[in-house]
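Data first, discussion second: the structure below is written as C-alpha cells.
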Amino acid sequence: MTNSTRKIRAARTSLATTIILTGLKLLAALATGSLAVLSSAIDSLLDIFMSSANYFAIRQAELPPDPKHPFGHGKFETLATIFQAMMIALSGLWILYESTQRLIHGSNLARLEEGMVVLLISSVVSWKIASYLKTTAKATESSALKADALHFSMDIYTNIALVGGLGLVMWLDTPWLDPVLSLLVGCYILFEAYRLVRYGMSDILDEQLPDSIRQEIAAIIDLHQAHLIDYHRLRTRRAGSQKIIDFHLTVCKHLTVKEAHEIADHLEERIRTRIGGSDVTIHIEPCIRSDCNERQPCPKDSPPLEKGS
C-alpha cells in the first residue's frame, strides 16, 4: 500500500469516527445539561469540519506537480493544519466564554451517569483511532494526520478529566465544578491550538529540516567522496509530508558532462531511498583549482570551495 493510499484511508477513518462520537456526545449533553459534556461535544463537532478539511487537503497534497505548482501540492496539508489550529482555538474561546457565564448565572444538571458513560466510551474509541493515526502519520510523515491524531489524544485526556470531575459533582453536590472543569478544558484546547500553529508555520516559513536529517544527508554525501570533491549550500525545507532538498556539488573539472550527471543522479537516488518523501536537486559545479591539469585525487586539506550549510 502506498503512502498516499494510507493517508487517504486514515483521513476517511478519522472523519467517520468523529461523526459517530459527536452524535453520542450531543445526545449525552442534551440529556444531562452538563456544560462539560457539551464542551466535549462542540470540540468533536468542530473535529468533523477539520477531519473533512484534512481529507480534502490530503487528496490535494497527493496530486502530482503541474505547470502552476512545479513543487507539488504538499502545502495543502500545512494549510489544513493551520485551519485546524484556528478552529480549535475558536472552540476553546467559546468554551471559556460559556463557562464564565455558567459560573455567574449557575446551571442545572441531571442524569450525569449517562454523560459519564458516553465520555468513557468516547475515550476508548479516541484512544484506538489516535494510535492508528499516530502510526500512519509517522510512517507517511503527514502533518495533517499528526494534527488529527492530536485532536483524538486531546479527547482522551479531556474526557477522562471530565468523568472524574462529574463524579465529584455528584459526590460533593457542587454544580459550580462543572463550568470550572470546562474552563480548564478550554485553556488546554487553546494551548494545543498554539502548538499546532507553531508546527504549521514552520512549514509556511520554510524552516529547515531537523539537524538529524541534515546530518544524514551529509553522511550519504561523505560515502561518495571517491567520486566528488565537495558540497555546499545545503538547503532543506518541508511541504506537507514532502522534504525538499537541494545543494551544490563540486566535481573534478575534467569529468565529462555525462559522468558528472551520472554522479548527481546516483547521489539523488541514494538520498531519496534513505530519506523517504524527499525531492532532491543537485547543482553540479566544476573544481576551480588552477594547479590541476588532469584527473587526480584532490588534497582533502585544501578544498577547492569552502563547504557551507
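Here are the numbers:
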| quantity | calculated |
| --- | --- |
| Scope the stretch 249-282; condition in contact (Cβ under 8 Å) with a residue 40 or more places away in the chain and assigned to a strand (DSSP E or B); matching residues | THR250, ASP279 |
| ARG233 being surrounded by fewer than 16 Cβ atoms within 10 Å (Cβ to Cβ), closer than 26 Å to LYS7 by Cα and at pLDDT 85 or above | no |
| Residue selected from the stretch 60-90 under the condition assigned to a loop (DSSP other than H, G, I, E, B) and among the small types (Gly, Ala, Ser), by the criterion nearest to MET154 (Cα to Cα) | GLY74 |
| Hits in the stretch 208-217 - residues which are of a type outside the set (S, T, N, Q) and surrounded by 14 or more Cβ atoms within 10 Å (Cβ to Cβ) | LEU209, ILE213, ARG214, GLU216, ILE217 |
| Selected residue (criterion: nearest to the chain's Cα centre (by Cα)) from residues of the stretch 55-92 that are closer than 25 Å to SER40 by Cα and of a type outside the set (A, V, I, L, M) | THR81 |
| Condition met for ALA36 (of a type outside the set (S, T, N, Q), under 18 Å from ASP155 (Cβ atoms), modelled with pLDDT under 70 and not in a strand (DSSP E or B)) | yes |
| Yes/no for LEU45 being of a type outside the set (Val, Ile, Thr), in the same structural domain as LEU120 (by TED's automatic domain parsing), at pLDDT 75 or above and assigned to a helix (DSSP H, G or I) | no |
| Which listed residue, of PHE76, PHE71, is aromatic (Phe, Trp, Tyr) and surrounded by fewer than 21 Cβ atoms within 10 Å (Cβ to Cβ) | PHE71 |
| The lone exception for LEU228 - which of (1) surrounded by 17 or more Cβ atoms within 10 Å (Cβ to Cβ); (2) in contact with an Asp or Glu (Cβ under 8 Å, 6 or more places away or on another chain) it fails | (2) |
| Residue list for the stretch 181-199, restricted to those being among the hydrophobic types (A, V, I, L, M, F, W, C), surrounded by fewer than 19 Cβ atoms within 10 Å (Cβ to Cβ) and more than 23 Å from LEU38 (Cα to Cα) | VAL197 |
| Yes/no for LEU112 being out of contact with any Phe, Trp or Tyr (no Cβ under 9 Å at 6 or more places or on another chain), at pLDDT 75 or above and either among the aromatic types (Phe, Trp, Tyr) or more than 30 Å from ILE244 (Cβ to Cβ) (or both) | no |
| Qualifying residues in the stretch 17-33 (those that are at pLDDT 75 or above and surrounded by 20 or more Cβ atoms within 10 Å (Cβ to Cβ)) - the one farthest from ALA193 (Cα to Cα) | ALA28 |
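The values are calculated or read from the model by the stated rules, or taken from the named source; none is laboratory data. Note that this is a predicted model, so its numbers are computed, not measured. Neighbour counts are summed over all protein chains in view; Cβ atoms, including those assigned to glycine, are modelled from backbone coordinates with ideal geometry.
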